[in-house]
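Everything below concerns the one structure shown next.
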Amino acid sequence: VLRWTLLSKKVPFQLGRMCYSSSVPTTKLFIDGKFVESSTSEWLDIHNPATNEVVGRVPKATQEEMVAAVDSCSRAFQSWSETSILSRQQIFLRYQQLIKDNIKELAKLITLEQGKTLADAEGDVFRGLQVVEHACSITSLMLGETLPSITKDMDTYTYRLPIGVCAGIAPFNFPAMIPLWMFPVGMVCGNTYLMKPSERVPGCTMLLAKLLQDAGAPDGTLNIIHGQHAAVNFICDHPAIKAISFVGSNQAGEYIYERGSKNGKRVQSNMGAKNHGVVMPDANKENTINQLVGAAFGAAGQRCMALSTAVFVGESREWLPELVERSKSLRVNAGDQPGADVGPLISPEAKARVESLIQSGVDEGAKLLLDGRNVNVKGYENGNFVGPTILANVTPDMKCYREEIFGPVLVVLEADSLDEAISVVNKNPYGNGTAIFTTNGAAARKYTHAVDVGQIGVNVPIPVPLPMFSFTGSRGSFRGDTNFYGKQAS
Ligand code: NAD
């Protein structure tokens, strides 16, 4: 059984798990302030992606357990929504400190279940922590508006009020950051929250829940259920749930948006991506190549903001050999090994899918400049590793361009002008993130105004907005009307 000692209380904590068999711990549900073992007969294995060993089991919560979790949220809403905003804020001020104190433990859990390097895992927690800090300053965003003398003897006031029970459905790739985009902001505004973490990486969310309890969140303000489709359908259909935050694939996100909206819920759905890095010939070569390598292959490409597509404009295409050389120097290894740059993919299925997309590129006429298939990671022969891969001469009709690969694969297109590059970006169905590399201010301005994409970086490869702004997205990457965090969060 894995144990973590929380500094805040100096007591050992079992991370919401207990022995299921002689060696494999089980993940608990968090219902009404208690970490409870599910009575389900249906369990899913959690694997360490570097070894494929089973490191835990997660339950598919039963209908009764899911109902109990929502009922707990509904009861807690009565008092939580009436708790002063300053008291709610104090809990999140304590929470942000507890997350900082436990960042290494959270990161270790992420690396164990998700595979990313420990440095990336700490970054994952840190980016979520920033949203918690933002939640601590929610008072000014919660202000309403007034307009006196709207007509004779009449003034108008607006208030921003909590809406009730909210629910979050999270993906596997950021086990800390994305749940922390969800429940802290919802809760500090006075809502209660039902979380369904990714069934592949539930451990980090369980520790985050324990820390929130230690920070003083009353029983029932956060409940956690586990599962897959049945849990998602339950969230989309339960009448007490007023709003859903989803982050994940298009297949799930479009379905959840449609089903939840039909049931009258407010739904925000952040989905897939195909992010282009446009490289102008006047860019700083050294900086651009370094940024491309980090943004394409970091976290094994399993980032919704990964720069998975490079568009070389004009003579910049001559930098390709250097890009290949630099990419070769990345070290593929288990995420907890010193010096690892690229960790494993989440599952053998993900690895097989990525490898087949690489092959589809080759079959359709792309040039494989660097092949990360069959990479040998000593001591981790059973892991889901794919090394950095570069496919050049790619055209927009190829499958490897049309589909989100979600692996350490950079596909390279070429364009003769900035206008042509802009047209490529705008014809792609996704609009999550993009970057332009240039030293020309006019080109940068033109690009930032002409592309229909949520996050745009100028010489910045992964422009994830800090929490005082919102994380947006356009076209195929987003459904909904209000975005995560920033001013829109309240
Ligand atoms: P996923 O859609 O498989 O899973 C996300 C959640 O949805 C999980 O909790 C899962 O249990 C549930 N789910 C999965 N399939 C479902 C289905 N058919 N019906 C109902 N629910 C389902 O996503 P993932 O593989 O965990 O995450 C990777 C995806 O997330 C990528 O497409 C990535 O681009 C996207 N992502 C987007 C953002 C963003 O902000 N735009 C951020 C991170 C990840």
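Taking the range 30-50 as the region of interest, how many residues are closer than 30 Å to GLY383 by Cβ and either crowded, with 22+ Cβ neighbours inside 10 Å or in contact (Cβ under 8 Å) with a residue 24 or more places away in the chain (or both)? Count: 8.
Where residues in the range 273-290 are open to solvent by 50 Å² or more (accessible area, probe 1.4 Å) and either within 23 Å of ASP452 (Cβ to Cβ) or free of Cβ contacts under 8 Å to residues at least 40 places away in the same chain (or both), which of them is farthest from the chain's Cα centre (by Cα)? Ranking the qualifying residues of the range 273-290, first place goes to PRO281. Might you let me know whether the range 266-273 holds any residue that is within 7 Å of the ligand (Cβ to nearest atom) and touching a helix residue (DSSP H, G or I) at 6+ places or on another chain (Cβ under 6 Å)? Yes: the range 266-273 contains one or more residues that are within 7 Å of the ligand (Cβ to nearest atom) and touching a helix residue (DSSP H, G or I) at 6+ places or on another chain (Cβ under 6 Å).
The set of residues in the range 190-217 being open to solvent by 10 Å² or more (accessible area, probe 1.4 Å) and more than 10 Å from the ligand (Cβ to nearest atom) consists of ASN191, LYS210, GLN213, ASP214, GLY216, ALA217.
Candidates are the residues of the range 98-155 that are among the hydroxyl-bearing types (Ser, Thr, Tyr) and farther than 30 Å from ILE46 by Cβ; the one that is nearest to the chain's Cα centre (by Cα) is SER137. Taking interchain pairs and intrachain pairs at least six residues apart, which have beta carbon atoms under 7 angstrom, with the first residue in the range 405-434 and open to solvent by 10 Å² or more (accessible area, probe 1.4 Å) and of a type outside the set (Phe, Trp, Tyr) and the second away from the ligand (no atom under 16 Å from the Cβ) and in a strand (DSSP E or B)? So the pair list comes out as GLU414/PHE312; SER417/VAL313; LEU418/VAL313; VAL424/VAL311; VAL424/LEU413; VAL424/ALA415. Here is the figure for the range 477-486: residues that are assigned to a loop (DSSP other than H, G, I, E, B) and either among the hydrophobic types (A, V, I, L, M, F, W, C) or within 10 Å of the ligand (Cβ to nearest atom) (or both) total 2.
Would you check if there is a residue in the range 438-446 being charged (D, E, K, R), loosely packed, with under 15 Cβ neighbours inside 10 Å and either under 16 Å from the mean Cα position of the chain (by Cα) or not in a loop (DSSP other than H, G, I, E, B) (or both)?
Residues of the range 438-446 that are charged (D, E, K, R), as a first pass: 445-446.
Within this subset, residues satisfying the condition of being loosely packed, with under 15 Cβ neighbours inside 10 Å are 445.
Those still in the list that are either under 16 Å from the mean Cα position of the chain (by Cα) or not in a loop (DSSP other than H, G, I, E, B) (or both) too: 445.
The answer is yes; a qualifying residue exists.
Per-residue answers, yes or no, for (1) closer than 20 Å to ASP71 by Cβ; (2) more than 9 Å from the ligand (Cβ to nearest atom):
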| site | (1), (2) |
| --- | --- |
| ASP219 | yes, yes |
| LEU222 | yes, yes |
| ASN233 | yes, no |
| ALA252 | no, no |
| HIS276 | no, yes |
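Tell me whether the range 249-267 contains one or more residues that are within 21 Å of GLU133 (Cβ to Cβ), within 17 Å of the chain's Cα centre (by Cα) and modelled with pLDDT of 95 or more. Checking the range 249-267: not a single residue is within 21 Å of GLU133 (Cβ to Cβ), within 17 Å of the chain's Cα centre (by Cα) and modelled with pLDDT of 95 or more. With respect to the conditions (1) away from the ligand (no atom under 16 Å from the Cβ); (2) buried (at least 16 other Cβ atoms within 10 Å of the Cβ); (3) among the hydrophobic types (A, V, I, L, M, F, W, C), LEU147 lacks only one, and its number is (2). Would you be able to say whether some residue in the range 412-432 is modelled with pLDDT of 95 or more, in a strand (DSSP E or B) and within 16 Å of the ligand (Cβ to nearest atom)? Looking through the range 412-432, at least one residue is modelled with pLDDT of 95 or more, in a strand (DSSP E or B) and within 16 Å of the ligand (Cβ to nearest atom).
Filter the range 155-172 down to the residues that are part of a loop (DSSP other than H, G, I, E, B) and within 11 Å of the ligand (Cβ to nearest atom), then identify the one that is nearest to SER347 (Cα to Cα). So, considering only residues that are part of a loop (DSSP other than H, G, I, E, B) and within 11 Å of the ligand (Cβ to nearest atom), the one nearest to SER347 (Cα to Cα) is PHE172. Return yes when LEU307 is more than 10 Å from the ligand (Cβ to nearest atom) and closer than 19 Å to PRO429 by Cβ and no when it is not. Answer is yes for this residue. Of all residues in the range 460-475, those being touching a residue at least 60 places away in the same chain (Cβ under 8 Å), more than 10 Å from the ligand (Cβ to nearest atom) and either open to solvent by less than 50 Å² (accessible area, probe 1.4 Å) or small (Gly, Ala, Ser) (or both) number 4.
On inspection, PRO175 fails the criterion of being in contact with a Leu (Cβ under 9 Å, 6 or more places away or on another chain), assigned to a helix (DSSP H, G or I) and touching a residue at least 40 places away in the same chain (Cβ under 8 Å). Out of the residues in the range 117-139 that are touching a Phe, Trp or Tyr at 6+ places or on another chain (Cβ under 9 Å) and more than 14 Å from PHE183 (Cα to Cα), state the one that is surrounded by the most Cβ atoms within 10 Å (Cβ to Cβ). In this case the residue turns out to be ASP124.
Residues that are β-branched (Val, Ile, Thr) and away from the ligand (no atom under 16 Å from the Cβ) were ranked within the range 447-459; the one that is surrounded by the most Cβ atoms within 10 Å (Cβ to Cβ) is VAL451. Among residues of the range 196-214 that are more than 13 Å from PHE183 (Cα to Cα), those with a beta-carbon under 8 Å from a residue that is in a helix (DSSP H, G or I) and within 13 Å of the ligand (Cβ to nearest atom) at least six positions away or on a different chain give the pairs ARG200/GLU113; ARG200/GLN114; VAL201/GLU113; VAL201/GLN114; PRO202/GLU113; GLY203/GLU113; CYS204/GLU113; CYS204/PRO179.
The values are calculated or read from the model by the stated rules, or taken from the named source; none is laboratory data. On a predicted model such as this, the values are computed, not experimentally measured, just so you know. Cβ sites come from the backbone with ideal geometry, for glycine too, and all protein chains shown count toward neighbours. Accessible surface areas use protein heavy atoms only, side chains included; no ligands, DNA or RNA. Shrake-Rupley method; radii C 1.70, N 1.55, O 1.52, S 1.80 Å.
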